[in-house]
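The values are calculated or read from the model by the stated rules, or taken from the named source; none is laboratory data. These figures come from a predicted structure and were not determined experimentally. Using ideal geometry, Cβ is built from the backbone for each residue, glycine included, and neighbour counts are taken over all protein chains shown.
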Amino acid sequence: MGLRFYPALIYRERARENWSILFPDFPEIASAADATQDVDQQAMDALATAADVYAEAQRPLPEPSHATEVFDQLPAGVEGFIGVYAVQEPEPLRVNISIDRSLLARLDFVAQRRGQSRSALLAEAARALLEAESRKPIGPS
């Protein structure tokens, strides 16, 4: 397992501030950035979310397109460019963590009630937290 590089269509209508971010290889994923300096972070978050969605659905990641193949997919009459972003192919990794015993017992209870493993429940919670964080504004408030 290694890094995969995916091209993103990054564009905005002329005289607009916000940027649209689309990954042609992941048509179900889209993102936006309010400022130019936020484009890379939003694109990386969107791609990581796509990889998580595919892993959760036990679907393999699609083969990446070449940036030159997607350039002509930019909408007409916009200013834009192609960015290429990397994502780590999902692979399970065993980790050792420390956690309060009573919190772990509560997590195990919820996991059992939901028919999940402890690992699946913790991964789901981590994804939800990361998704919520990615929606927060980047930079000074």
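Any residue at all in the stretch 95-113 that's loosely packed, with under 14 Cβ neighbours inside 10 Å and within 25 Å of SER20 (Cα to Cα)?
Scanning the stretch 95-113, I find no residue that is loosely packed, with under 14 Cβ neighbours inside 10 Å and within 25 Å of SER20 (Cα to Cα), so the answer is no.
Out of all the residues in the stretch 1-35, which are surrounded by fewer than 16 Cβ atoms within 10 Å (Cβ to Cβ) and either within 15 Å of the chain's Cα centre (by Cα) or of a type in the set (Ser, Thr, Tyr) (or both)? Give the derivation first.
Residues of the stretch 1-35 that are surrounded by fewer than 16 Cβ atoms within 10 Å (Cβ to Cβ), as a first pass: 1-3, 5, 13-18, 27-28, 30, 32, 34-35.
Within the stretch 1-35, LEU3, PHE5, PRO27, GLU28, ALA30, ALA32 qualify.
Can you go through ASP34, ASP25 and tell me which one is without any contact (Cβ under 8 Å) to a residue 60 or more places away in the chain, in contact with an Asp or Glu (Cβ under 8 Å, 6 or more places away or on another chain), among the charged types (D, E, K, R) and within 30 Å of ALA126 (Cα to Cα)? Break it down stepwise before answering.
Numbers: ASP34 fails: without any contact (Cβ under 8 Å) to a residue 60 or more places away in the chain.
After ruling out the rest, the residue left standing is ASP25.
So, in the stretch 71-116, of the ones that are of a type in the set (Asp, Glu) and within 30 Å of ALA30 (Cα to Cα), which residue ends up modelled with the lowest pLDDT? Spell out the reasoning first.
Filtering the stretch 71-116 for residues of a type in the set (Asp, Glu) gives 72, 79, 89, 91, 100, 108.
Keeping just the survivors that are within 30 Å of ALA30 (Cα to Cα) gives 72, 79, 89, 91.
Numbers: ASP72: 85, GLU79: 89, GLU89: 81, GLU91: 75.
Looking at the filtered set, the residue picked out is GLU91.
In the list VAL84, VAL78, which residue meets the criterion of being out of contact with any Asp or Glu (no Cβ under 9 Å at 6 or more places or on another chain) and either surrounded by fewer than 17 Cβ atoms within 10 Å (Cβ to Cβ) or under 26 Å from LEU122 (Cα atoms) (or both)? Lay out the reasoning, then the answer.
Working: VAL78 fails: out of contact with any Asp or Glu (no Cβ under 9 Å at 6 or more places or on another chain).
It is VAL84.
Residues of the stretch 1-38 being under 21 Å from GLY77 (Cβ atoms), in contact with a strand residue (DSSP E or B) (Cβ under 9 Å, 6 or more places away or on another chain) and hydrophobic (A, V, I, L, M, F, W, C), which ones?
Correct list: ALA8, LEU9, ILE10, TRP19, ILE21, LEU22, ALA30, ALA32, ALA33.
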